[in-house]
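Just below is one structure, and these are the notes that go with it.
The values are calculated or read from the model by the stated rules, or taken from the named source; none is laboratory data. This is a predicted model, so every value here is computed, not measured. So basically every Cβ, Gly included, is an ideal-geometry build from the backbone, and we count neighbours across all protein chains shown.
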Amino acid sequence: MIRDAKWITHPQNKLYEPVHFNRKINITKEVRRATLNITSLGCYYAEINGHRVGDFILAPGFTSRRRVQYQSYDITNMLSYENDLDVIVSDGWYKGKINFNVDNGKEELKKALIAEVVIVYKDGTVEKILTDEGWLCKKDKLRMAELYDGEIYDSLFEDSYVSAAPIDYDKKKIVKQEGVFVKEQETLDPVSIFKAPNGDTIVDFGQNLTGYFEFNVLAKAGDRVEFTVCEELDKNGNFYNENYRDAKARFEYICHKGENRYKPILAFWGFRYMRVDSFPVEIKKENLRAIVLHSDIKRTGYLESSSKELNQLFSNIIWGQKGNFLDVPTDCPQRDERQGWTGDATVFCKAACYNYDVNKFFEKWLHDMRLDQGKTGYIPNIIPQTVCWDWSTAESSGAVWGDSATIIPYQMYLTYGNREILKKHYSCMKKYIAYIGSVTKEKYLWTGCDQFGDWLGLDAPSGSYRGSSNEDFIASVFYRHSVGIVCKVGKLLGKDTKKYEVLHERITEKLKATFKEYKTQTECVLALYFDVAENKASVAKQLNQMIVENGNRLKTGFVGTPYLLHALSQNGYCETAYKLLLQDKFPSWLYSVKQGATTIWEHWDGKNEKGEFWSEAMNSFNHYAYGSVADWVYEVACGIKPCEDKPAFEKIVIEPHPTDLLDYLSATLCTKFGKIVSKWYHENGKIRYEITVPKNATVIINGASHKVKRGTHRF
């Protein structure tokens, strides 16, 4: 097994500098089967005889520091009589800037390789080749590989092999691959190459994406290829990437004589535009292409409408999910962050489950959550827990961020019927609830703790990122919600939940007695959606009035926005919800579309109508949180919603809510039982419905229920 091998590294292990390992393998008999089991501290790229092993980009993936996944590859058909196994290892997610508070000189933090080749011969004998001091290593032509900064490759560089050095690292941390592989998914050709007003040569791929690029050029030895990437151009049309902060986002390549063709192997970028800092010839479209990376998740949901702008929003949501579902659900793919922020995942997970099959993707991430959960029960704000900010290492949870421990696994149950994840995660949920009870200043509420609040709410006080909504109210609402989920999960698992049912009742009573007035849109939204308002009709009227008086525009942030349209439509204001969805003036979803966005922005006002940017400090143009609006389109506008009593769409109920503001709207969802399609459109003064179901279902039109069988039905 792989644990019989040794962890090996270069004797002079330097930060940001990849290590090239080599092992010659000679075959003297006929091979029946050959397997490479491999992992690394850092990211690795493996070749046999110059051909890549596998298609997992940035293997072995991003996990808790309490474990490292190993991968198994069938290499039977890659072997000849004389073979070179070459493996390049970079810092990856393991160390470097993504963990810049770590002492990178520590022995246990050196990038390293462990591997075994298992060869089963046709005569029945077995040979194992394990990493040890007999392997060779050297500095690679890939001179620098850093996730934030990029790659530097020198095709003219040569170094001499030395014997690899063993290091002592806990091999019990090595586990089998659990997550979804990150793979190359599609390619994009440049849509234009142009001169910016300041003279820079800019390549536009037409789409903000996550991935890398491939170039080809006929060059002289020593010629240089240099690129720097960005998401947006400034108001004058010049290159702009100050929002990348400390991430250099560069690529450098030193050519050899003749044809040079290369694509990065141990880095990725978030970008739409590329500045050509150096190229041996005048660059043409045929010299370059972009390669899109994301976890190999299957698309399951599709939305389409009569509105060109709304369709672009749907596209932006999909591209935002693709760009940020890269082994873990990152906040953004471009700047010096790219972390698994729990709050972003919490608010988007329902929409994510409609768009793609993310069951296995989240199973792996939730496993890391269980490993990184604090002894007191707190959930780190970032999973896997890195040490790049005080926020990520603080032994505390923020409401919504911490509630990822309950909300996301329960969503996996609703969408996929995944009871196993509930079994594995139930203890984590209970520990989290106990943590809240241990830190709150008022029993049966969650008060007196540092919170993120309604992050980036537009009603935030000057100089603050946090909206004006009462943070104790937000925290207490989600405390109640998480306790409610624990009750549901406990009953599903046959557990005694009386303790949590009583706690839920006490929280409900205290919430209603303590918070009787709601002063912001988000406070109204949460009171309605989570059913803690004494007079829902009055609060719904108040929320609707707030929106109308604001010109049919929202003021909500990360916490209020995902539930805003639901709170309206559930309480008789579906038309107001549609007006918000279709609003194109700032602030709104379609405002960014009008500004040319091809992904979801972090800020409603990431760029204003003058082309000026919100800030340099925190202004991502590929953040998926506000893309959570997609779940309302699936669930309410088109009416496709899972049922708690029979999850995973075993029970199908379709209840569309059309509007005169669109000519048509359609949602398609692929479930394990088959395809569901819900479409409505206007025709001859009436609204027509076309509903396709894979099994017996209930269709509700204007409050009237219709029992239908498998097939397509029109109303």
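What the table shows:
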{"read-out": "Some residue of the range 271-286 being in contact with a helix residue (DSSP H, G or I) (Cβ under 7 Å, 6 or more places away or on another chain), closer than 25 Å to residue 343 by Cα and either assigned to a loop (DSSP other than H, G, I, E, B) or not charged (D, E, K, R) (or both)", "value": "no"}
{"read-out": "Residue match in the range 129-148 (condition: closer than 30 Å to residue 258 by Cβ and touching a helix residue (DSSP H, G or I) at 6+ places or on another chain (Cβ under 7 Å))", "value": "yes"}
{"read-out": "Filter pass, residue 178 being surrounded by fewer than 16 Cβ atoms within 10 Å (Cβ to Cβ), in contact (Cβ under 8 Å) with a residue 40 or more places away in the chain and either part of a loop (DSSP other than H, G, I, E, B) or not assigned by TED's automatic domain parsing to the domain that holds residue 277 (or both)", "value": "yes"}
{"read-out": "Hey, residue 375 in a loop (DSSP other than H, G, I, E, B) and either within 18 Å of the chain's Cα centre (by Cα) or among the basic types (Lys, Arg) (or both) or not", "value": "yes"}
{"read-out": "Condition met for residue 149 (in contact (Cβ under 8 Å) with a residue 12 or more places away in the chain and surrounded by fewer than 18 Cβ atoms within 10 Å (Cβ to Cβ))", "value": "no"}
{"read-out": "Residues of the range 342-364 satisfying the condition of being of a type in the set (Phe, Trp, Tyr) and either in a helix (DSSP H, G or I) or crowded, with 24+ Cβ neighbours inside 10 Å (or both)", "value": "348, 354, 361, 362"}
{"read-out": "Of all residues making up the range 316-341, the number that are aliphatic (A, V, I, L, M) and part of a strand (DSSP E or B)", "value": "2"}
{"read-out": "Whichever residue in the range 659-704 is small (Gly, Ala, Ser) and either under 35 Å from the mean Cα position of the chain (by Cα) or within 23 Å of residue 565 (Cβ to Cβ) (or both) and, among such residues, is surrounded by the most Cβ atoms within 10 Å (Cβ to Cβ)", "value": "667"}
{"read-out": "Helices (runs of 4 or more DSSP H) wholly inside the range 388-474 containing at least 2 residues that are within 25 Å of residue 555 (Cβ to Cβ) and modelled with pLDDT of 95 or more", "value": "404-416"}
{"read-out": "Complete set of residues in the range 590-634 that are farther than 29 Å from residue 246 by Cβ and surrounded by fewer than 18 Cβ atoms within 10 Å (Cβ to Cβ)", "value": "594, 609"}
{"read-out": "Selection from the range 300-315 of residues that are out of contact with any helix residue (DSSP H, G or I) (no Cβ under 7 Å at 6 or more places or on another chain) and either crowded, with 24+ Cβ neighbours inside 10 Å or assigned to a strand (DSSP E or B) (or both)", "value": "302"}
{"read-out": "Test result for residue 238, surrounded by fewer than 20 Cβ atoms within 10 Å (Cβ to Cβ) and farther than 28 Å from residue 55 by Cβ", "value": "yes"}
{"read-out": "Every residue from the range 486-539 that is in a helix (DSSP H, G or I), of a type in the set (A, V, I, L, M, F, W, C) and over 30 Å from residue 572 (Cβ atoms)", "value": "486, 489, 492, 502, 503"}
{"read-out": "Within the range 14-38, considering residues that are surrounded by fewer than 21 Cβ atoms within 10 Å (Cβ to Cβ) and among the polar types (S, T, N, Q), the one farthest from residue 181 (Cα to Cα)", "value": "28"}
{"read-out": "In the range 111-146, residue farthest from residue 7 (Cα to Cα) [restricted to those that are of a type in the set (Gly, Ala, Ser) and in contact (Cβ under 8 Å) with a residue 60 or more places away in the chain]", "value": "145"}
{"read-out": "The listed residue being under 17 Å from residue 7 (Cβ atoms), outside the structural domain of residue 328 (by TED's automatic domain parsing) and at pLDDT 95 or above, out of 94, 70", "value": "70"}
{"read-out": "Near pairs, Cβ below 6 angstrom, 6+ apart or cross-chain, from the range 481-499 (hydrophobic (A, V, I, L, M, F, W, C)) to any residue that is assigned to a loop (DSSP other than H, G, I, E, B)", "value": "487/497"}
{"read-out": "Per-region count, the range 39-93, residues surrounded by fewer than 22 Cβ atoms within 10 Å (Cβ to Cβ), among the charged types (D, E, K, R) and closer than 23 Å to residue 371 by Cα", "value": "3"}
{"read-out": "Residues of the range 124-151 satisfying the condition of being among the small types (Gly, Ala, Ser) and farther than 30 Å from residue 242 by Cβ", "value": "124, 134"}
{"read-out": "Candidate set: the range 557-585, residues that are farther than 14 Å from residue 661 by Cβ and aromatic (Phe, Trp, Tyr); chosen: the one surrounded by the fewest Cβ atoms within 10 Å (Cβ to Cβ)", "value": "563"}
{"read-out": "Among (1) buried (at least 17 other Cβ atoms within 10 Å of the Cβ); (2) closer than 30 Å to residue 344 by Cα; (3) at pLDDT 95 or above, the one test that residue 643 misses", "value": "(1)"}
{"read-out": "Tally, over the range 57-86, of residues that are part of a strand (DSSP E or B) and farther than 23 Å from residue 185 by Cα", "value": "6"}
{"read-out": "Flag if residue 23 is touching a Gly at 6+ places or on another chain (Cβ under 9 Å), assigned to a strand (DSSP E or B) and touching a residue at least 60 places away in the same chain (Cβ under 8 Å)", "value": "yes"}
{"read-out": "The range 594-636: number of residues that are outside any loop (DSSP other than H, G, I, E, B), within 21 Å of the chain's Cα centre (by Cα) and either hydrophobic (A, V, I, L, M, F, W, C) or over 30 Å from residue 677 (Cα atoms) (or both)", "value": "5"}
